[in-house]
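Here is the structure we will look at, set down as structure tokens.
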Amino acid sequence: MPGENFYEIGTADDFLRWAFRLYKAGADAVYCSAGFATVKRLADDAIPVIGHVGLIPSRATWTGGFKAVGKTADTAMQIFEAVKQYEAVGALGAEIEVVPVEVAKAISERTSLIMLSMGAGTGCDAQYLFADDILGQNRGHMPRHSKVYRNFAAEYDRLQAERVAAFSEYVADVNSGAYPEDKHVVRMDPAELSQFMKRVDEKA
């Protein structure tokens with residue numbers, strides 16, 4: 001759900017509750033980078049699950065950091081075996097991230113899973129990029145596989161400058177008396193005002 005960090009959800013029961021909330025909200029499938037037992041638990045409850053192989057940010061410690069995975073025959077086989085395990089526990093598909101294109105294509109051709117390529121070439125079933133990358137919302141280092149189509153970061157900078165300018169002008173207008181003008185306030189009917197002033201003065 002919006003604002004909820006799925007990396008903080010720990011147990012299979014937690015993932016199941018989270019998954020059913022997403023499914024009820026209209027999701028076609030849920031992403032889960034937890035262990036195979038958790039994926040099986042979701043699949044057993046008829047939740048379509050997308051797993052994750054290759055570079056998995058939450059497991060980067062085990063694969064040597066934020067870099068390509070599967071560049072040797074041994075590590076490529078580990079990815080293939082993970083895909084087969086996802087098949088066995090009932091997953092619908094898997095994101096395959098920053099894996100050599102040859103490896104990703106070979107695996108995709110040998111699995112029933114829907115394979116979603118993120119920096120793994122065109123040999124999979126679909127391409128995946130974060131909206132933040134597509135819209136250019138990120139700053140600093142951009143992953144090799146990302147492609148920026150717009151520069152939203154510059155637009156956010158422009159909007160922030162406009163916010164600061166607008167509030168500065170408002171403060172200046174208040175301090176100088178330029179705001180509020182007569183058009184910004186409500187005036188009372190003179191007869192009603194006269195009655196009010198008489199009565200309020202009597203009470204004062």
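For Phe20, state whether it is surrounded by fewer than 22 Cβ atoms within 10 Å (Cβ to Cβ), out of contact with any Cys (no Cβ under 7 Å at 6 or more places or on another chain), at pLDDT 90 or above and hydrophobic (A, V, I, L, M, F, W, C). Let's see the steps before the verdict.
Numbers: surrounded by fewer than 22 Cβ atoms within 10 Å (Cβ to Cβ): yes; out of contact with any Cys (no Cβ under 7 Å at 6 or more places or on another chain): yes; at pLDDT 90 or above: no; hydrophobic (A, V, I, L, M, F, W, C): yes.
Spelling it out, it is not the case that Phe20 is surrounded by fewer than 22 Cβ atoms within 10 Å (Cβ to Cβ), out of contact with any Cys (no Cβ under 7 Å at 6 or more places or on another chain), at pLDDT 90 or above and hydrophobic (A, V, I, L, M, F, W, C).
Does segment 81-96 hold any residues that are in a loop (DSSP other than H, G, I, E, B) and not small (Gly, Ala, Ser), and which are they?
Answer for segment 81-96, where residues must be in a loop (DSSP other than H, G, I, E, B) and not small (Gly, Ala, Ser): just Leu92.
Go through segment 124-168 and give me each residue that's out of contact with any Gly (no Cβ under 6 Å at 6 or more places or on another chain), outside any helix (DSSP H, G or I) and either small (Gly, Ala, Ser) or over 24 Å from Gly93 (Cα atoms) (or both).
Correct list: Ala126, Gly136, Gln137, Asn138, Arg139, Gly140, His141, Met142, Ser146, Tyr149.
Which of the residues spanning segment 46-76 are surrounded by 13 or more Cβ atoms within 10 Å (Cβ to Cβ) and more than 18 Å from Gly119 (Cβ to Cβ)?
Within segment 46-76, Ile47, Pro48, Val49 meet the criteria.
Based on this model, can you work out whether Val174 counts as surrounded by 11 or more Cβ atoms within 10 Å (Cβ to Cβ), aliphatic (A, V, I, L, M) and not assigned by TED's automatic domain parsing to the domain that holds Ala43?
Values: surrounded by 11 or more Cβ atoms within 10 Å (Cβ to Cβ): yes; aliphatic (A, V, I, L, M): yes; not assigned by TED's automatic domain parsing to the domain that holds Ala43: yes.
Yes, satisfied.
Could you please let me know if Ala88 is surrounded by fewer than 22 Cβ atoms within 10 Å (Cβ to Cβ) and at pLDDT 95 or above?
The answer is yes for Ala88.
Please tell me if Tyr156 is among the hydroxyl-bearing types (Ser, Thr, Tyr) and farther than 29 Å from Cys32 by Cβ.
yes
Return the residues of segment 20-52 that are farther than 14 Å from Gln85 by Cβ, touching a strand residue (DSSP E or B) at 6+ places or on another chain (Cβ under 8 Å) and part of a helix (DSSP H, G or I); say none if nothing qualifies.
Selection gives Leu22, Tyr23, Leu42.
List every residue pair whose Cβ atoms sit under 6 Å apart, with the two residues 6 or more apart in sequence or on different chains, where the first one lies in segment 59-77 and is assigned by TED's automatic domain parsing to the domain that holds Met118 and the second, anywhere, is exposed (fewer than 13 other Cβ atoms within 10 Å of the Cβ).
Ala60/Phe66
Quick one: which residue in Glu97, Glu109, Glu102 is under 28 Å from Phe152 (Cα atoms) and either assigned by TED's automatic domain parsing to the domain that holds Val30 or hydrophobic (A, V, I, L, M, F, W, C) (or both)? Quick ask: steps written out before the conclusion?
Details: Glu109 fails: under 28 Å from Phe152 (Cα atoms); Glu102 fails: under 28 Å from Phe152 (Cα atoms).
Exactly one of Glu97, Glu109, Glu102 is under 28 Å from Phe152 (Cα atoms) and either assigned by TED's automatic domain parsing to the domain that holds Val30 or hydrophobic (A, V, I, L, M, F, W, C) (or both), namely Glu97.
Before we move on, is His141 surrounded by 10 or more Cβ atoms within 10 Å (Cβ to Cβ) and assigned by TED's automatic domain parsing to the domain that holds Gly119?
no
Among the residues of segment 97-121, which ones are surrounded by fewer than 20 Cβ atoms within 10 Å (Cβ to Cβ) and outside any loop (DSSP other than H, G, I, E, B)?
Val101, Glu102, Lys105, Ala106, Ile114
The values are calculated or read from the model by the stated rules, or taken from the named source; none is laboratory data. Small disclaimer: the values here were computed from a predicted structure and weren't measured. Counting neighbours? That spans all protein chains shown, and the Cβs are built from the backbone with ideal geometry, glycine included.
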